[in-house]
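Chemist: Quick one: structure below, then a few questions.
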Amino acid sequence: MYKKILVTVILSLLVASSVFADRRKYVWTYQSATTLKDHAELEFYQTTKIDLTNSWEYRIELENGLTDNLDLAVYQIFSQEENAPFKWEAFQIRMRYRFVERGKFFLDPVFYLEYRKKTDGELQDKIEAKLLLGKDFSKSNFSINPVYEYKWNHGDAMNEIGLDVGISYSPSFKLSIGLESTTRYEMINNADNKTGSYFGPTISFASGSFYYTFGYAAGLTDDSNDARARLLIGISL
């Protein structure tokens with residue numbers, strides 16, 4: 001009987017750890033993780049840009065682990081501005097690839113690549129690449145993502161570089177609290193350059209097959225919104 005209880009406890013712990021193999025502790029910064037092979041997850045994002053005129057973005061993402069080191073995700077993106085109609089804005093596809101095993105470097109690296117196609121043919125499409133670097137230190141996590149974006153089609157092509165950084169502490173498996181910053185520097189033909197930068201707290205809670213992560217970040221530059229808030233809900237399938 002005791003052996004059966006022990007086996008049940010061990011299996012429960014293994015299931016819990018696999019269910020949240022890609023649990024997001026931040027809302028803008030990615031940890032250096034990929035979805036497990038043959039495991040799927042559904043994620044819902046709601047982003048609020050707080051300014052003189054507020055706007056909202058909604059993302060529905062389905063991600064699947066293709067191998068132990070490679071995953072693929074498909075997004076449908078919707079948006080709405082204050083006093084304006086709700087609309088389907090874009091389709092997006094994203095992949096992450098772990099090209100070295102964990103522990104080989106001080107920070108574990110994962111390569112991230114996404115492509116976004118606007119539904120309005122008059123708007124610019126985007127390709128974005130990131131290097132997801134991160135490490136767990138006992139109950140703490142540190143993650144940093146250098147970012148490069150390129151937008152093209154109608155109008156001037158735009159290059160954008162950025163940096164997302166998150167640090168968190170998890171007093172228990174269910175709860176994680178942290179701080180996060182995100183910065184983007186836009187370059188349009190070396191003219192009209194803009195810098196948006198944000199900083200604020202993040203909290204994440206896991207329960208059953210769900211996790212909930214919320215972040216609020218205040219704008220730090222003249223080119224930033226007053227603030228941004230994002231709610232992220234993940235469901236293990």
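We did not get these values from a lab; they are worked out from the coordinates using the rules stated. All values derive from a computational prediction rather than experimental measurement. We place every Cβ from the backbone using ideal geometry, glycine too, and count neighbours over all the protein chains shown.
Chemist: Considering amide H positions built from the backbone, and no H for Pro or chain starts, which residues 5 or more places from Trp28, or on another chain, come under 5 Å of its amide H?
Modeler: Those lying under 5 Å, H to H, from Trp28: there are none.
Chemist: What's the whole-number percent of alpha carbon pairs in the range 89-158 lying beyond 20 angstrom? Write down the numbers at each step before the final one.
Modeler: Numbers: 1056 of 2415 pairs.
Pairs farther apart than 20 Å: 44 percent.
Chemist: Grab the other residues whose beta carbon is less than 13 angstrom from that of Leu36, score K and R as +1, D and E as -1, and report the net.
Modeler: Working: positive: Arg23, Lys37, Arg96, Arg98; negative: Asp22, Asp38, Glu41, Glu63, Asp68, Asp71.
Net of charged neighbours comes to -2.
Chemist: Grab the other residues whose beta carbon is less than 9 angstrom from that of Leu70, score K and R as +1, D and E as -1, and report the net. The partial results should precede the final answer.
Modeler: Values: positive: Lys37, Arg96, Arg98; negative: Asp68, Asp71.
Overall, the nearby charge balance is +1.
Chemist: From the backbone phi of the range 204-211, what are the Karplus-calculated ³J(HN,Hα) couplings (6.51 cos²θ - 1.76 cosθ + 1.60, θ = phi - 60°) in whole Hz, Gly and Pro given as x?
Modeler: 9, 9, 10, 8, x, 8, 10, 9
Chemist: Just in the range 72-123: which trypsin sites (Lys or Arg not before Pro) are loop by DSSP and have at most 16 other Cβ atoms within 10 Å? Can you show the working numbers first?
Modeler: Values: sites: Lys87, Arg94, Arg96, Arg98, Arg102, Lys104, Arg116, Lys117, Lys118; in loops: Arg98, Arg102, Lys104.
The qualifying sites are Arg102, Lys104.
Chemist: Specify the angular offset, from 0 to 90 degrees and rounded to the nearest 10, of the alpha carbon long axis of helix 2-19 from the longest principal axis of the alpha carbons in the chain.
Modeler: 10
Chemist: Report the far tail of the P(r) of the range 186-237, meaning the percent of Cα-Cα pairs longer than 15 Å.
Modeler: The calculated P(r) of the range 186-237 puts 60 percent of pairs beyond 15 Å.
Chemist: Which cross-chain or sequence-distant (5 or more) residues have an amide H under 5 Å from the amide H of Ser224, H modelled 1.01 Å from N in plane?
Modeler: Ser197
Chemist: Can you give the extra length, in nm with one decimal, that the chain gains between Gln76 and Phe106 once fully stretched, where that is 0.36 nm per residue apart less the Cα-Cα distance?
Modeler: Contour length minus the Cα-Cα distance gives 7.3 nm.
Chemist: Now a separate question. Using a simple spin-label model with points 7 Å from Cα along the Cα→Cβ vector, what separation in nm is obtained for Leu220 and Thr195?
Modeler: 1.0
Chemist: Continuing with this model, one more query. Consider the candidate values [x] 60, 45, 33; [y] 66, 52, 43; [z] 70, 36, 33; state which one is Cα extents along the principal axes in Å computed from the structure displayed.
Modeler: [z]
Chemist: If the cut-off is 22 Å between C-alpha atoms, which lysines fall inside it for Lys126, apart from same-chain ones fewer than 8 positions away?
Modeler: Reachable lysines: Lys49, Lys87, Lys117, Lys118, Lys151, Lys194.
Chemist: Ok, one more. Looking at the range 142-187, which trypsin sites (Lys or Arg not before Pro) are in a loop (DSSP not H, G, I, E or B) and have at most 15 other Cβ atoms within 10 Å?
Modeler: Details: sites: Lys151, Lys174, Arg184; in loops: Lys174.
Of the trypsin sites (Lys or Arg not before Pro), the ones in loops of the range 142-187 whose Cβ has at most 15 other Cβ atoms within 10 Å are Lys174.
Chemist: Taking a cut-off of 20 Å between Cα atoms, list the lysines near Lys135, but don't count ones fewer than 8 places away on the same chain.
Modeler: Partners found: Lys25, Lys104, Lys174.
Chemist: Of all the C-alpha pairs in the range 97-213, what % are more than 26 Å from each other?
Modeler: Details: 2421 of 6786 pairs.
So the portion of pairs separated by more than 26 Å is 36 percent.
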